[in-house]
Amino acid sequence: MRKPPDQLINALVSDLAPTARRPALNPMAFTWLACSLVYVVLVTLMLGAYRPGFTGQLLAHPRFAGEMLLGLAAITAVALALFRSAVPGALGRHLHWLAIGLVCLWLGSQLASLVSPALPPAMLGKRPHCLYETLLIALPPLGIALLLQRRLYPLRPARSAGLAGLCAGMMPAWIMQVACMYDPQHSLAFHMLPGLSVAVVAMLVGLVVLQPRP
């Protein structure tokens, strides 16, 4: 004998538990980004003075200022993408390709500086441990991003964690452009490469810590 509709519905929903409301993704991304940038700027300053005269360089060399703005735009786009990637269907193709495009443009501008530097290369402001600083400074923002992504539902954990690592690694690499000596070869080897390597490590970590919950 079939159950009445009301009894059938009650039986189906009796074991359901309420779920938490999904947090707003854009406010989450901007809050994490703002806190992370403040942390990166302050910790970098605590570890050593910024390059003397970098503000004058930004004002006197529009290309250098443009590269810094391009880097900040790339970081912002990746920050928005990394949280949306942890929600099924939330990361649109336009934002995905915008983030990738801005990162490629920023890296391309650094490669172009090998041929035509935005500033005269100089040893002024050289930080003896900038490679390790770039790696270590990136870790706390990465850890927080992974914890926040875990609250969501990342169906592609390697991609979500990789975006988190990319953004976390780009921030100290970006600030080192004004905190450390300016030399394109040095920047690529000791700032950019360590920053990008954080994304690779994050992808491996994400396969473990961001597995979708059953």
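The values are calculated or read from the model by the stated rules, or taken from the named source; none is laboratory data. Only a predicted model underlies this, so the values are computations on that prediction, with no experimental measurement involved. Counting neighbours? That spans all protein chains shown, and the Cβs are built from the backbone with ideal geometry, glycine included. For the accessible areas, the whole protein counts, side chains as well, though only heavy atoms, and no ligand, DNA or RNA atoms are used. Shrake-Rupley method; radii C 1.70, N 1.55, O 1.52, S 1.80 Å.
Carbon-plus-sulfur fraction of the accessible area of the chain, 1.4 Å probe, in percent?
With neighbouring chains kept in place, the figure for the chain is 72 percent.
Restricting things to alpha carbons, tell me how big segment 68-148 is in terms of Rg and Dmax, in Å.
15.9, 47
Just Ala79, Ala161, Ala60 to compare: in a GNM of the chain, with alpha carbon springs under 10 Å, which one fluctuates most?
Ala60
Net charge around Glu133, counting only other residues with Cβ within less than 15 Å of its Cβ (Lys, Arg = +1; Asp, Glu = -1)?
Net charge around Glu133: +3.
For every helix of n ≥ 4 consecutive DSSP H residues, a contribution of -39,500 (n - 2.57) applies; sum these over the chain, divide by its total residues, and give [θ] at 222 nm rounded to the nearest 500 deg cm²/dmol.
-23000 deg cm²/dmol
With Kirkwood's inverse mean 1/r over C-alpha pairs for Rh, give me the Rg to Rh ratio of segment 115-206, two decimals please.
Reported Rg/Rh, Kirkwood definition of Rh: 1.08.
Over segment 54-192, what lengths in whole Å, largest first, do the semi-axes of the equivalent ellipsoid take, defined as the square roots of 5 times the eigenvalues of the alpha-carbon gyration tensor?
That gives 30, 17, 11 Å for the three semi-axes.
Per Stokes-Einstein, at 25 °C and 0.890 mPa s, what whole-number D in µm² s⁻¹ belongs to segment 109-166, with the Kirkwood radius over Cα pairs as the hydrodynamic radius?
For these conditions, the coefficient is 170 µm²/s.
What residue among Ser187, Ser116, Ser160 has the largest mean-square fluctuation in a Gaussian network model of the chain, using Cα springs under 10 Å?
Its mean-square fluctuation being the largest, the pick is Ser116.
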